[in-house]
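These notes are about the structure you will find just below.
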Amino acid sequence: MSQPIDQRPPEGADDAQASPHHRHPDSYNKKGKLRSEVYEREIVVLQERLVQLQHWVQHTGMKVLVIFEGRGSAGKGGVIKTITERTSPRIVRVAALPRPTERERTQWYFQRYVAQLPAAGEIVLFDRSWYNRSNVERVMGFCTDEEHEEFLRSCPEFERMLVRSGIVLLKYWFSVSFEEQRRRFEARNAEPVKRWKLSDMDLAEHELYVHYSQAKDTTFRHTDIKQAPWYVVPSDDKRAARLNCINHLLSRFDFEDVTPPPVVQLPAMRETAYVRAPMQDQTFVPLLW
C-alpha cells in the first residue's frame, strides 16, 4: 500500500542521518513501532535537555515560539504534554485558544494570537495556531475564499515580522496516515473515558481526509518560508514522533547548561512559639487508604 499524501517522507529523509543506535532493529516491535522501554530510556535524556534549554532561554532572555499543527489524533497534544512534563509552566507555557468570540471575529485575524506571543525568557507552545484559517476553517467552510486568500498573503509577512522582532519561530506539522488516524479514533470510541476526545469535527475531518491534505499542501506552498520553515513529523509511531520532534527542537539551539547547582543547603526550621489548633476542629477527607 502506498503512503497517503500526508505521510510520505520528503526525498532524502531516510536513515542516513540516524545513528545505528537509534535505528537498531531490536529497538522496534513486530509491528515496526518503537519499543516502550527504548522510548522511556531516550525520553529521560531529552527531558533533561529540555530543562537545560528552559534555564538557558530564561538566562539569555530569548523569546521562543513553537507551533504544533496537524490532523486530529496526530500526536500534537502528546508531544506538548511530554515537553511540559518536567519543565516550569512559568517559563514553558502552552497556548491552546478556544473558538473566537463574536468580538474576536471582528478583530484583525492575528490579533488574539499576538497576545499569546512570548516575552523575554519564555517558550510558548501553540497547540494549533493561526493556521486554523488555512486548514480547518478552509476545509469546513468557516471562512470565505477572500479571507483564506488574505491569510495566505499575510501570514508569511506576519511571521517574518515576528522573526525580525527577535522571536525564534519553529513550526511542526504532525503527519498521520488515514489508516492510523482511523485506528486511533476507533480506540477513543471504544473507551468511555476517551470518547470525549472524539468530536464531530474529528469525524468530519476523517471523512474529508484528502481535502485536508490539499489544504495542507496549499498552506505549505505559501508559508514554508526560509525565515520560518515547516518541519514535518511522521507520527504513525507516536513514541518515535515524540523523540524525533523533541530532538529536532533541541538541535535548533546552541545552548549551554546553566541549570542551577543540583544540591542546595536546606534551612533548619526556625523556632517560634506556636500551639497547634486542635485537630478535631479540622475537617479531614475520608481516609479510605
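The values are calculated or read from the model by the stated rules, or taken from the named source; none is laboratory data. This is a predicted model, so every value here is computed, not measured. Positions of Cβ are backbone-derived with ideal geometry, glycine not excepted, and every protein chain shown enters the neighbour counts. Protein only, heavy atoms only, side chains kept; ligands, DNA and RNA dropped before computing areas. Shrake-Rupley method; radii C 1.70, N 1.55, O 1.52, S 1.80 Å.
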Taking the range 170-212 and the residues there that are within 27 Å of Asp224 (Cα to Cα), among the hydrophobic types (A, V, I, L, M, F, W, C) and assigned to a helix (DSSP H, G or I), the one that is modelled with the lowest pLDDT would be Met201
Counted residues in the range 50-95 being part of a strand (DSSP E or B) and open to solvent by 30 Å² or more (accessible area, probe 1.4 Å) come to 3
Per the filter on the range 234-289, residues in contact with a Phe, Trp or Tyr (Cβ under 9 Å, 6 or more places away or on another chain) and among the polar types (S, T, N, Q) are Ser235, Thr259
